[in-house]
Amino acid sequence: MDIWPDRSQAQRILEDWTTNKNLRKHAYAVEAAMRAHAIKFGADPDRWGIVGLLHDFDYEKYPDLEDRPFKGVSYLKEQGYSEELTEAILAHVAHTGVSRDTLLKKSIFAVDELTGLIIAVALVRPSKKLADVSVQSIMKKWREKSFASGADRKVIEQGAEELGVTLAEHIEMVLKAMQDVSESLGL
């Protein structure tokens, strides 16, 4: 079956499962990055955006790795949603064992950690605005291993490599996508 939730349905799922505003903002950031990747790779930005919006929707209810993202994916399957959607969500984290054998799967893996790093860089700027973040400022913070240590730089590098883009190109594309939705991110 190739049934996908539309944007409003996906938004409702996110809101039903996620009350934490920061987790929702993360979902919006990843959605924007995924839409940008879809455009770059000639794919459907609406579908790729839905993957970004829903990739962590079960995180708050199921924070343990043994459950996440399996519980959320199980719910989506029960709703009859596409295997392409559920497999992409599973592929965004390595512990699921799902192969990243499509550009969609590679993209969700590549952007997830990077959005968190970019937000952290914005939050240490005096303005706390994405508009004041550059690729150079991200790369400067990149070298500080203690800065945003939860953003796995090896995963970000691996994601860019799997997509066949340089790290700087990857950062620039995700940063631009996030800047375009900065108002909804509060940044």
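The values are calculated or read from the model by the stated rules, or taken from the named source; none is laboratory data. Just so you know, these numbers come straight off a predicted model, no measurement behind them. In this analysis, Cβ positions are derived from the backbone assuming ideal geometry, glycine residues included, and neighbour counts consider all displayed protein chains.
Taking Tyr59, is it farther than 23 Å from Leu130 by Cα, out of contact with any strand residue (DSSP E or B) (no Cβ under 6 Å at 6 or more places or on another chain) and not β-branched (Val, Ile, Thr)? Before you say what the answer is, go through the steps one by one.
Working: farther than 23 Å from Leu130 by Cα: yes; out of contact with any strand residue (DSSP E or B) (no Cβ under 6 Å at 6 or more places or on another chain): yes; not β-branched (Val, Ile, Thr): yes.
In short, yes.
Would you mention how many residues in the stretch 1-50 are farther than 22 Å from Thr102 by Cβ and not aliphatic (A, V, I, L, M)?
Qualifying residue count for the region: 16.
Please state which of the following conditions Ala91 fails to meet, knowing it meets all the rest: (1) of a type in the set (Gly, Ala, Ser); (2) closer than 30 Å to Val133 by Cα; (3) modelled with pLDDT of 95 or more; (4) surrounded by fewer than 21 Cβ atoms within 10 Å (Cβ to Cβ).
(4)
Test Leu175 against the criterion of being at pLDDT 95 or above, in a loop (DSSP other than H, G, I, E, B) and under 17 Å from the mean Cα position of the chain (by Cα), and give yes or no.
Judged against the criteria, Leu175 is not a match.
From the set of residues in the stretch 117-134 that are surrounded by fewer than 16 Cβ atoms within 10 Å (Cβ to Cβ) and of a type outside the set (S, T, N, Q), which is farthest from the chain's Cα centre (by Cα)?
Ranking the qualifying residues of the stretch 117-134, first place goes to Pro126.
If you take the residues in the stretch 147-159 that are surrounded by fewer than 18 Cβ atoms within 10 Å (Cβ to Cβ), of a type outside the set (S, T, N, Q) and part of a helix (DSSP H, G or I), which one is nearest to the chain's Cα centre (by Cα)?
Among residues in the stretch 147-159 that are surrounded by fewer than 18 Cβ atoms within 10 Å (Cβ to Cβ), of a type outside the set (S, T, N, Q) and part of a helix (DSSP H, G or I), the one nearest to the chain's Cα centre (by Cα) is Val155.
For the stretch 88-134, enumerate the residues that are of a type outside the set (S, T, N, Q), free of Cβ contacts under 8 Å to residues at least 24 places away in the same chain and outside any helix (DSSP H, G or I).
Residues satisfying the conditions are Gly97, Val98, Asp101, Arg125, Pro126.
Being touching a Ser or Thr at 6+ places or on another chain (Cβ under 8 Å), surrounded by fewer than 20 Cβ atoms within 10 Å (Cβ to Cβ) and more than 20 Å from Ala160 (Cβ to Cβ) is the filter here, so list the residues in the stretch 26-60 that pass it.
Selection gives Tyr59, Glu60.
Run down Glu144, Glu162 and say which single residue is of a type in the set (Asp, Glu) and surrounded by 14 or more Cβ atoms within 10 Å (Cβ to Cβ).
Glu162
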